[in-house]
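S.K.: First the structure, which I've put down as structure tokens, then a few questions once you've had a look.
Computed from the coordinates by the stated procedures, all read-outs in this text should not be read as laboratory data. It should be emphasised that the depicted structure is a prediction, and the values quoted were computed from it without experimental measurement. Here the Cβ is made from the backbone with ideal geometry for all residues, glycine too, and neighbour counts use every protein chain on show.
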Amino acid sequence: NAGVTQTPKFQVLKTGQSMTLQCAQDMNHNSMYWYRQDPGMGLRLIYYSASEGTTDKGEVPNGYNVSRLNKREFSLRLESAAPSQTSVYFCASTPGQQLLLAGYTFGSGTRLTVV
Amino acid sequence: GDSVTQMEGPVTLSEEAFLTINCTYTATGYPSLFWYVQYPGEGLQLLLKATKADDKGSNKGFEATYRKETTSFHLEKGSVQVSDSAVYFCALSDSGGYNKLIFGAGTRLAVHP
């Protein structure tokens, strides 16, 4: 099925460890996004990529880096994980020019726990 | 900056009850407004949207009207079902562009038989 695929679905890290969350979409979308979801705070934008080859900071970028590897893939890296980064991470994509029509397509999320 | 405020949950209803989830927003310009739904263990799905004042978005029996005068986009359903149990997020398109969405905190709905 066409959509947004995130891996892994679950991960437990120790403080200071690094990891990369993977995201791929097969809908030929131009724009991709990483959000984190925390109880009582909704979704907050970490980084986004308006188009292939570009990335920009969102609301809460500290402690993260991203790579838009190609049009399909947008990865999120935690260089030195901290307990404050315990969260559920969602990747999303949109065609770019049709947000008003299509909205976002979300992946199913990665639940990350940092101990 | 732009922001979205939703009523706190959880909202607990009996099946066939009337549902209202309040959403108000602060924005410069003229944002588009969205409702997303998240079922347990899943990502968010677009439920409905409205792109200009007085537009009514509707889907699966849910409705919301874009009220510019009250800066609101309240979600309503006349008769909820157990299968509507989920978390509902109100969102607006960021006036800063690049197709960014700003989400509210979410409202959990629990419907009991």
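S.K.: Given the C-alpha atoms of the protein assembly as shown, compute the convex hull and give its volume per residue in Å³. Don't jump to the answer; show the numbers that get you there.
M.R.: On the way: hull volume 27.1 nm³, N = 228.
Spelled out: Cα convex hull of the protein assembly as shown, divided by residues, is 119 Å³.
S.K.: How high is the FRET efficiency between residue A:17 and residue B:51 when r is their beta carbon distance and R₀ equals 45 Å, given to the nearest 0.05?
M.R.: Values: r = 44 Å, r/R0 = 0.97.
Approximately 0.55, to the nearest 0.05.
S.K.: For segment A:1-108, what does the relative contact order come out to in percent, with C-alpha contacts under 8 Å and a separation of six or more? Before the final figure, lay out each step's value.
M.R.: Values: 241 pairs, mean separation 36.3, N = 108.
Averaging sequence separation for qualifying contacts and normalising by length gives 34 percent for segment A:1-108.
S.K.: I'd like the Karplus ³J(HN,Hα) series for segment B:7-12: coefficients 6.51, -1.76, 1.60, θ = phi - 60°, whole numbers in Hz, and an x wherever there's a Gly or Pro.
M.R.: 5, 6, x, x, 9, 10
S.K.: Taking the Cα centre of the protein assembly as shown as origin and charging only Cβ (+1 Lys, Arg; -1 Asp, Glu), how large is the dipole, in debye to the nearest 20?
M.R.: On the way: 19 positive and 19 negative charges, 100 e Å.
Result for the protein assembly as shown is approximately 480 debye, rounded to the nearest 20.
S.K.: Same structure, new question: Provide the FRET efficiency to the nearest 0.05 for the residue B:14-residue A:77 pair, computing r from the beta carbons and using R0 = 41 Å. Before the final figure, lay out each step's value.
M.R.: Values: r = 46 Å, r/R0 = 1.13.
Step by step, r from the Cβ atoms, then E = 0.30.
S.K.: Run down the lysines and flag those whose C-alpha is under 29 Å from the C-alpha of residue B:52, throwing out any fewer than 8 positions away in its chain.
M.R.: A:57, B:60, B:68, B:77, B:100
S.K.: Please work out whether segment A:32-106 counts as rounded, prolate or oblate from its C-alpha gyration tensor, where a ≥ b ≥ c are the square roots of the eigenvalues and a/c under 1.5 means rounded, while otherwise a/b larger than b/c means prolate and anything else oblate?
M.R.: Details: a/c = 2.37, a/b = 1.36, b/c = 1.75.
Because a/c hits 1.5 or more and a/b fails to exceed b/c, segment A:32-106 counts as oblate.
S.K.: For a test of the definition: using alpha carbon positions, the gyration tensor, and the 1.5 limit on a/c, classify segment B:29-113 as rounded, prolate or oblate.
M.R.: In terms of gyration-tensor shape, oblate.
S.K.: Also, I was wondering about something else. Please identify every one of the chymotrypsin sites (Phe, Trp or Tyr not before Pro) in segment B:15-101 that sits in a loop by DSSP and has no more than 14 other beta carbons within 10 Å of its own beta carbon. Write out the running numbers ahead of the final one.
M.R.: Working: sites: B:18, B:25, B:34, B:35, B:36, B:62, B:66, B:73, B:88, B:89, B:98; in loops: B:18, B:66, B:73, B:98.
Answer in residue order: B:18.
S.K.: Under a Cβ-only charge scheme (Lys and Arg +1, Asp and Glu -1), can you give me the dipole magnitude of segment B:66-113 about the Cα centre, in debye to the nearest 20? Working shown, then result.
M.R.: Working: 5 positive and 4 negative charges, 8 e Å.
Magnitude of the dipole: close to 40 debye.
S.K.: Between residue B:22 and residue A:86, what FRET efficiency follows from the Cβ-Cβ distance if R0 is 30 Å, with the result rounded to 0.05?
M.R.: Details: r = 30 Å, r/R0 = 0.99.
Approximately 0.50, to the nearest 0.05.
S.K.: Moving on to the next point. Calculate the translational D of segment A:1-60 in whole µm² s⁻¹ from Stokes-Einstein, where the hydrodynamic radius comes from the Kirkwood formula applied to all Cα pairs, the temperature is 25 °C and the viscosity 0.890 mPa s. Let's see the in-between values first.
M.R.: Values: Rh = 13.4 Å.
Taking Rh from Cα pairs, D becomes 183 µm²/s.
S.K.: Is segment B:1-75 rounded, prolate or oblate when judged by the Cα gyration tensor, a ≥ b ≥ c being the square roots of its eigenvalues, rounded requiring a/c under 1.5 and prolate requiring a/b larger than b/c? Please report the intermediate quantities before stating the final value.
M.R.: On the way: a/c = 1.63, a/b = 1.56, b/c = 1.05.
Prolate, because a/c is 1.5 or more and a/b exceeds b/c.
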